[in-house]
Amino acid sequence: MLKIVTQYLIFPGIIFSFFVGAMGFWLERKFTARFQYRVGPPWYQNFIDVMKLFLKETIIPRNAAKTLFITSPIINLAAVILVSVMLANNYFLNISFMGDVIVILYLLVIPSLFTILGALSSKNPLALVGAARETKLMLAYEFVFITSLIIAIIKSGNSIMLANITATQILSKPNIASASGIIAFILALFYAQAKLCIVPFDMAEAEQEIMAGTVIEYSGPLLGFYKISKLMLYFSLPLFIISLFIKVHTQSTLLKYLIFFCLYILIIFIMSVIKNINPRMRIKDALGFFWFWLLPLGILGIVLAQFGL
Amino acid sequence: MKLKEKILTKSLWVYHLSAGSCNNCDIEILDCLTPRFDIERFGIQLVGSIRHADVLLITGAMNKKSAKILKNLYEQAPKPIFVAAVGICPCSQNMFKGSYPMLSALDEIIPVDVYIPGCPPRPEAIIAGIAKLINKLTAKDKKGQK
Ligand code: SF4
């Protein structure tokens, strides 16, 4: 009993994933700062930010749809916690069940969906613009991610169980060591970039044009819930990519963690490089990029994967 | 109590309102974010929405129109919020004192926590002002403990 509780709450559950996610976000900020010849924030900055948000007042706009306004950050956080716990338990303890890839895919849609609903319920015009942009972006990136997932599923012999996907990689070689695997990895990276609202795809939260967009009316603890769920996504999306494409098998536990953290830092680094060498795209360009460049690439990847390349 | 002040001062998110400035002060505020001064290392960020703000930076002498907006904005902010007046304009209305669109001094409309004089204040002066604000908060807290 105690084992299960620690497994879900502390390691590799909620607290571990929050901690690693906060460190990942800090790394991203630090890398950005170093790219711009700045010093950057100290390592505990994200924890302090979250704690501060819980000390502030929450204001609910008079015109807002109150129930939706309050519940959407909470549902958002709940979905992200579920995803993180499932992924971490699979990666570190090999706990999995039939069809969990599909469940994770569904759960990963919920954060974006409820960000949109929360924005719509606040009735702020800038939030509406943000919500409209996020909707269009969702249409763009979700489909691309599905193609990338299909490639991973085909490579594992048509299994929709995360443990099987990782097990096939351990038995033969990591998915990324093949042509279709590389394609799928790239697609998943762009998906993570868009899902986390990092710069080329951050139109929904564009600070300079629409003032934080979807979360504009949120303050205090409700904003804190959004912040926590974003930090946990910073953990779970790279972890999902790692377990789908670059699962490496080792005997010793120490080496296992070392490999995980190296890969994690590498993925965060690639993301911040993409962030720092690109300006924000227009929504039209982003849609075009996902649909006319990445989607054909994904279909090519599926064909390659069918031929076992 | 002490912990609360400590957390608040370590992560100040700043919302910046130009209440009719000549734009010089605004440029100096942006200078604080550049690599040379880099106030992000103290956890200070510029945010776009007043709902996320901990500090309300005001530049420019207020006139009758912006005073309304300012008051509205202050009421919309989640408390605790601190107000910093940047530049001599909001501090003492500068040379615009007594001219026809002016209403009254800033601190007669909303409470001001820190004044940063200068026309425009240098980025160093702005950082010193923020440090003053942090000192004020922690000092207040020490008094409260005794
Ligand atoms: S203080 Fe000087 S620089 Fe700043 S807004 Fe006023 S006139 Fe312009």
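The values are calculated or read from the model by the stated rules, or taken from the named source; none is laboratory data. All values reported here derive from a predicted model rather than from experimental measurement. We place every Cβ from the backbone using ideal geometry, glycine too, and count neighbours over all the protein chains shown. Each accessible area value is taken on the protein alone, full model and side chains, heavy atoms only, with ligands, DNA and RNA left out. Shrake-Rupley method; radii C 1.70, N 1.55, O 1.52, S 1.80 Å.
Can you go through A:183, A:176 and tell me which one is at pLDDT below 85, away from every other protein chain (no Cβ under 14 Å) and either more than 20 Å from residue A:112 (Cβ to Cβ) or open to solvent by less than 40 Å² (accessible area, probe 1.4 Å) (or both)? Lay out the reasoning, then the answer.
Values: A:183 fails: at pLDDT below 85.
Sole residue among the options that is at pLDDT below 85, away from every other protein chain (no Cβ under 14 Å) and either more than 20 Å from residue A:112 (Cβ to Cβ) or open to solvent by less than 40 Å² (accessible area, probe 1.4 Å) (or both): A:176.
From the list A:88, A:79, pick out the single residue that is in a helix (DSSP H, G or I) and at pLDDT 90 or above.
After applying the criteria, what remains is A:79.
Residue by residue through region A:74-93, note down the ones that are within 19 Å of residue A:116 (Cα to Cα) and open to solvent by 10 Å² or more (accessible area, probe 1.4 Å).
Within region A:74-93, A:74, A:75, A:77, A:78, A:81 meet the criteria.
Considering only residues that are free of Cβ contacts under 8 Å to residues at least 12 places away in the same chain, out of contact with any helix residue (DSSP H, G or I) (no Cβ under 7 Å at 6 or more places or on another chain) and among the hydrophobic types (A, V, I, L, M, F, W, C), which ones fall in region A:12-44?
A:19
Check whether at least one residue in region B:40-54 is without any contact (Cβ under 8 Å) to a residue 60 or more places away in the chain, open to solvent by less than 10 Å² (accessible area, probe 1.4 Å) and away from every other protein chain (no Cβ under 14 Å), and report yes or no.
No, that holds for no residue.
Are any residues in region A:155-177 outside any loop (DSSP other than H, G, I, E, B) and among the small types (Gly, Ala, Ser), and if so, which ones?
Within region A:155-177, A:163, A:167, A:177 meet the criteria.
Restricted to region A:51-61, and to residues that are under 19 Å from residue A:117 (Cβ atoms) and out of contact with any Gly (no Cβ under 8 Å at 6 or more places or on another chain), which residue is surrounded by the most Cβ atoms within 10 Å (Cβ to Cβ)?
A:61
Could you list, ordered by first residue, the pairs with Cβ atoms under 9 Å in which the first is in region A:262-275 and assigned to a helix (DSSP H, G or I) and the second is charged (D, E, K, R) and open to solvent by less than 40 Å² (accessible area, probe 1.4 Å), at least 6 apart or interchain?
Note: pairs meeting the criteria are A:268/A:28; A:269/A:28; A:271/A:28; A:272/A:28; A:272/A:29; A:275/A:28; A:275/A:202.
Failed condition for residue B:131, given (1) farther than 30 Å from residue A:61 by Cα; (2) away from the ligand (no atom under 13 Å from the Cβ); (3) buried (at least 20 other Cβ atoms within 10 Å of the Cβ), with all others met?
All conditions pass for residue B:131, except number (3).
What residue, of B:117, B:90, is in contact with a Gly (Cβ under 8 Å, 6 or more places away or on another chain) and open to solvent by less than 40 Å² (accessible area, probe 1.4 Å)?
Working: B:117 fails: open to solvent by less than 40 Å² (accessible area, probe 1.4 Å).
Of B:117, B:90, the one residue that is in contact with a Gly (Cβ under 8 Å, 6 or more places away or on another chain) and open to solvent by less than 40 Å² (accessible area, probe 1.4 Å) is B:90.
So how many residues does region A:39-62 have that are in a helix (DSSP H, G or I) and of a type in the set (Asp, Glu)?
Of the residues in region A:39-62, 1 are in a helix (DSSP H, G or I) and of a type in the set (Asp, Glu).
When residues of region B:9-24 are filtered for being open to solvent by 10 Å² or more (accessible area, probe 1.4 Å) and more than 16 Å from the ligand (Cβ to nearest atom), how many remain?
Here the count works out to 4.
Return yes when residue A:200 is surrounded by fewer than 24 Cβ atoms within 10 Å (Cβ to Cβ), part of a helix (DSSP H, G or I) and in contact with a Ser or Thr (Cβ under 6 Å, 6 or more places away or on another chain) and no when it is not.
Values: surrounded by fewer than 24 Cβ atoms within 10 Å (Cβ to Cβ): yes; part of a helix (DSSP H, G or I): yes; in contact with a Ser or Thr (Cβ under 6 Å, 6 or more places away or on another chain): no.
No, not satisfied.
Among A:219, A:252, A:159, which is of a type in the set (S, T, N, Q) and within 14 Å of chain B (Cβ to nearest Cβ)?
A:219
Please specify each residue of region B:55-87 satisfying the condition of being within 13 Å of the ligand (Cβ to nearest atom), surrounded by fewer than 21 Cβ atoms within 10 Å (Cβ to Cβ) and among the small types (Gly, Ala, Ser).
B:66 - this is the single residue of region B:55-87 that is within 13 Å of the ligand (Cβ to nearest atom), surrounded by fewer than 21 Cβ atoms within 10 Å (Cβ to Cβ) and among the small types (Gly, Ala, Ser).
In region B:91-111, is there at least one residue being near the ligand (Cβ under 10 Å from one of its atoms), over 30 Å from residue A:60 (Cβ atoms), touching a Pro at 6+ places or on another chain (Cβ under 6 Å) and not charged (D, E, K, R)?
yes
Residue A:8 - would you say it is open to solvent by 20 Å² or more (accessible area, probe 1.4 Å) and in a loop (DSSP other than H, G, I, E, B)?
In short, no.
If the Cβ limit is 6 Å and pairs must be 6+ apart or interchain, which residue in region B:4-25 that is facing chain A (nearest Cβ under 8 Å) pairs with which residue that is open to solvent by 50 Å² or more (accessible area, probe 1.4 Å)?
Final answer for the pair search is B:4/A:55; B:7/A:51.
With the checklist (1) over 15 Å from residue A:195 (Cβ atoms); (2) of a type outside the set (Gly, Ala, Ser); (3) touching a Leu at 6+ places or on another chain (Cβ under 9 Å); (4) open to solvent by 20 Å² or more (accessible area, probe 1.4 Å) in hand, flag the one item residue A:126 doesn't pass.
Failing condition for residue A:126: (3).
Say whether the condition of being in contact with a His (Cβ under 8 Å, 6 or more places away or on another chain) and away from the ligand (no atom under 16 Å from the Cβ) is met by at least one residue in region B:28-39.
Of all residues in region B:28-39, those in contact with a His (Cβ under 8 Å, 6 or more places away or on another chain) come to B:29.
Filter once more, so that each one left must be away from the ligand (no atom under 16 Å from the Cβ): none.
The answer is no, given that none of the residues of region B:28-39 is in contact with a His (Cβ under 8 Å, 6 or more places away or on another chain) and away from the ligand (no atom under 16 Å from the Cβ).
Can you tell me which condition residue B:41 does not meet? The list is (1) closer than 25 Å to residue A:43 by Cα; (2) in contact with a strand residue (DSSP E or B) (Cβ under 8 Å, 6 or more places away or on another chain); (3) not polar (S, T, N, Q), and all the others hold.
Here residue B:41 clears every test but (2).
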